[in-house]
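To start, the structure itself, in structure tokens.
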Amino acid sequence: MHSYTTPPIYEAQNTESSLRLLAAQRQTYSDAKLLHFTKLSIILCGGLATAATTFALDPFRPLIGALSGILLLILSITASSREKKKVAAAAAMQEEFDTSVFQLPWVRSGKVHHPSASEVARASMRHKGGNLRDWYAINAKIARPADVLICQRVNLGWGVATHRAWAAFACALGILLLSVATIFAVLGGLSLMASILGVYVPMIPSVKELIEVWISNSRSAQLKEEADRSAGEMWEAVVVKGKLPTEAQCRKLQDVILSGRRKNALIPDWFYRALRSREEAVMRLGISDYLEQGQRQGLCAE
């Protein structure tokens, strides 16, 4: 006789407290994105503007290039710290949502604390858009904790292709910037030293940021794929042997998901929205397949 999560995930995720947590985490991620992409825009535009200015102010080229490069690099480092704190706060809110809906114990690590009620309330009140209902598209009762594992696999599968696409975009943009800078330096007849100080030094923070975007998004995709392989082995035991995972195994997998969220690379909303419909279609097809496999094993409630 199988036991079932009560209330089921598809009901628990739509309670007022659950929706408030989702609104708070989405707003907090938006805050982190605003910091990240404002910083990235300033650094990219500042680097390009400085490099362009050096062609007009020849006597001051070394000074302008060096000062601009240093200031933009300081901005890159200081803004990144605040951005990471916002991402960690959003990850804690999403973990609060998951552990409540999945009925899993809180992470044992002392590094992650429950978000305060006031922090959640303030962030949720600032959230203005987006339907948060039915966060997990699971819509049937399936034996516990197979239902938890299904949602965890959805988490791990979501966004992998988007991370890889954004990483490729950042890499291509970095190559384009350096190519354009080199072309202008050559056409402008700049010496090697003048090119380095006036053009390439101001571009260092921009290239640094784009390299970090490429590395962090590639790493996020890789970590999700590695974790999903472990989750896939657990699910294989369910559909082949009818062997359900233990709650301890699900909690261990949740630890990996949480760790990934705390380091999650940010993707701009316009890029995310462009690929969202594809991600949602993949998610819904995946859940449909999981439920069908579970039903064949007699794990779904009648």
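Couple of notes before you dig in:
- Selection of first residues in region 34-53 that are among the aromatic types (F, W, Y) and of second residues that are surrounded by fewer than 20 Cβ atoms within 10 Å (Cβ to Cβ), restricted to Cβ pairs under 7 Å at least 6 apart or on distinct chains, gives the following pairs, ordered by first then second residue: F37/P268.
- Residue list for region 1-33, restricted to those being within 24 Å of I142 (Cα to Cα), open to solvent by less than 30 Å² (accessible area, probe 1.4 Å) and either in contact with a strand residue (DSSP E or B) (Cβ under 6 Å, 6 or more places away or on another chain) or in a helix (DSSP H, G or I) (or both): I9, A12, S18, L22
- Residue ID - modelled with the highest pLDDT, chosen from residues in region 52-75 that are out of contact with any Lys or Arg (no Cβ under 6 Å at 6 or more places or on another chain) and of a type in the set (S, T, N, Q): T53
Residues are listed down the side, and each one gets a yes or a no for (1) within 16 Å of M283 (Cα to Cα); (2) in contact with a strand residue (DSSP E or B) (Cβ under 6 Å, 6 or more places away or on another chain); (3) of a type in the set (F, W, Y); (4) surrounded by fewer than 18 Cβ atoms within 10 Å (Cβ to Cβ):
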{"residue": "S109", "(1), (2), (3), (4)": "no, no, no, yes"}
{"residue": "H114", "(1), (2), (3), (4)": "no, no, no, yes"}
{"residue": "E119", "(1), (2), (3), (4)": "no, no, no, yes"}
{"residue": "A123", "(1), (2), (3), (4)": "no, no, no, no"}
{"residue": "H127", "(1), (2), (3), (4)": "no, no, no, no"}
{"residue": "N139", "(1), (2), (3), (4)": "yes, no, no, yes"}
{"residue": "I142", "(1), (2), (3), (4)": "no, yes, no, no"}
{"residue": "L149", "(1), (2), (3), (4)": "yes, no, no, no"}
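- One residue stands out among those in region 196-222 that are open to solvent by 70 Å² or more (accessible area, probe 1.4 Å) and under 12 Å from A265 (Cβ atoms): the one that is nearest to the chain's Cα centre (by Cα), which is R219.
- Applying the criterion of being in contact (Cβ under 8 Å) with a residue 24 or more places away in the chain and assigned to a loop (DSSP other than H, G, I, E, B) to the residues of region 94-107, the residue that is nearest to S3 (Cα to Cα) is Q103.
- For region 269-286, the condition holds for at least one residue, the condition being that it is closer than 26 Å to D31 by Cα, at pLDDT 90 or above, open to solvent by less than 40 Å² (accessible area, probe 1.4 Å) and not polar (S, T, N, Q).
- Flag for S41 being surrounded by fewer than 20 Cβ atoms within 10 Å (Cβ to Cβ) and modelled with pLDDT under 85: yes
- Check on R164, open to solvent by less than 30 Å² (accessible area, probe 1.4 Å), closer than 28 Å to K33 by Cα and of a type outside the set (A, V, I, L, M, F, W, C): no
- Residues considered: R273, R251, R262. Of these, the only one that is within 15 Å of T162 (Cα to Cα) and either in contact (Cβ under 8 Å) with a residue 24 or more places away in the chain or among the basic types (K, R) (or both) is R273.
Every residue, every condition in (1) surrounded by fewer than 20 Cβ atoms within 10 Å (Cβ to Cβ); (2) out of contact with any helix residue (DSSP H, G or I) (no Cβ under 9 Å at 6 or more places or on another chain); (3) within 21 Å of V87 (Cα to Cα), yes or no:
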{"site": "F102", "(1), (2), (3)": "no, no, no"}
{"site": "W106", "(1), (2), (3)": "yes, no, yes"}
{"site": "N155", "(1), (2), (3)": "no, no, yes"}
{"site": "A185", "(1), (2), (3)": "no, no, no"}
{"site": "L190", "(1), (2), (3)": "yes, no, no"}
{"site": "A194", "(1), (2), (3)": "yes, no, no"}
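- G242 meets all of the listed conditions (1) surrounded by 13 or more Cβ atoms within 10 Å (Cβ to Cβ); (2) within 19 Å of the chain's Cα centre (by Cα) but one, namely (2).
The values are calculated or read from the model by the stated rules, or taken from the named source; none is laboratory data. The structure presented is a predicted model; accordingly, all values stated were derived computationally and were not measured. Cβ atoms come from the backbone with ideal geometry, glycine included; neighbour counts cover every protein chain shown. The accessibility values were calculated without ligands, DNA or RNA, using every heavy atom of the protein model including side chains. Shrake-Rupley method; radii C 1.70, N 1.55, O 1.52, S 1.80 Å.
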